[in-house]
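Note sheet for the following structure.
The values are calculated or read from the model by the stated rules, or taken from the named source; none is laboratory data. All of these numbers come straight from a predicted model, not from anything done at the bench. Note that each Cβ is placed from the backbone with ideal geometry, even for glycine, and that neighbours are counted across all protein chains shown.
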Amino acid sequence: MIIAIQNTIGAIRNNAVASANLKFEFSVNTAESGTSNDDQFTLTVGSGTFLYDLTTTDGHSETGLTGNHTITFSSSGVYSISISGQFPAFKFNNGNDGEKMVTLDNFGVYGGGSTSQDNAFRGCNNMTLNATDSGNFGSASDFQKFMFTGNITGVSFPLIDTSSATRFDNAFRQTRIANFPANLFDDCTATNFANAFLDTILSQQSIDNILVSLDAAGQSNGTFYQSGGSAPSSVGIAAETNLTNKGWTITRTS
């Protein structure tokens, strides 16, 4: 009985720690161009139900927010923002305050309850992806122009859940991220990858990983496009052949 109680207490503590780490964290530079003033940042949200709290590095905090919200800081500059609660999606849509995004450090609660990531981070041309966690993308079907449509940089793209995704057209075009993980699309039913990796800097391992994962997903009659970056190795070429035999149209760096 004592051991069972101790295990229960341990589980509660572990859950509390996990919850504390589930914050959506990013930084902004209010001096960059955008629709808000040079001491402000506007969170422009996508579809879904929102109920979130936020804190900033200049001591600002707000609770119970349910949609778009403009933060006014003490002065123009770079600030970190931490969000808890429910925050399904941004939608910068190639405008708004997208160019004020500096880093995306932790997905945390981001994506929870989302069915669409359409145009979420499009136009965040000054942003560096530092997040390594998987976020909450298991219910999202639309990743059109999702995150890295623009000159977004980073070391690697995390292994997110794409199992509900139905489209990835233009999703990663012009991204400056070379490394994409294995198994990213293993459970994905999407077949629309038109211009998904247009003008990228993919490493050979990354294009291999992508083609092998699409092959593993087993879908037929898809469209895939890559330009820029490396050509696949024999491993990726073998996966490409399998995809072509399933009716896929593949365009990639040679």
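A few points about this structure:
- Of the residues T162, T166, the single one that is surrounded by fewer than 18 Cβ atoms within 10 Å (Cβ to Cβ) and outside the structural domain of T249 (by TED's automatic domain parsing) is T166.
- A count restricted to the stretch 218-254 and to residues that are over 17 Å from F172 (Cβ atoms) and either in contact (Cβ under 8 Å) with a residue 60 or more places away in the chain or not acidic (D, E) (or both) stands at 21.
- Qualifying residue in the stretch 175-188 (condition: among the aliphatic types (A, V, I, L, M) and at pLDDT 95 or above): yes
- Residue in the stretch 51-69 that is more than 30 Å from S163 (Cβ to Cβ) and among the aromatic types (F, W, Y) present: no
- When residues of the stretch 189-224 are limited to those that are at pLDDT 95 or above, of a type in the set (S, T, Y) and crowded, with 19+ Cβ neighbours inside 10 Å, the one nearest to L129 (Cα to Cα): S206
- Looking across F87, F121, one residue alone is at pLDDT below 95 and surrounded by 24 or more Cβ atoms within 10 Å (Cβ to Cβ). It is F121.
- S139 outside the structural domain of V109 (by TED's automatic domain parsing), of a type in the set (S, T, Y) and either surrounded by 23 or more Cβ atoms within 10 Å (Cβ to Cβ) or out of contact with any helix residue (DSSP H, G or I) (no Cβ under 7 Å at 6 or more places or on another chain) (or both): no
- Complete set of residues in the stretch 70-118 that are aliphatic (A, V, I, L, M) and under 22 Å from S164 (Cβ atoms): A89, L104, V109
- Meets criteria (modelled with pLDDT under 95, in the same structural domain as G77 (by TED's automatic domain parsing) and under 19 Å from A120 (Cα atoms)) for S27: no
- Checking the stated criteria, A182 turns out not to satisfy the condition of being crowded, with 18+ Cβ neighbours inside 10 Å, among the aliphatic types (A, V, I, L, M) and within 19 Å of the chain's Cα centre (by Cα).
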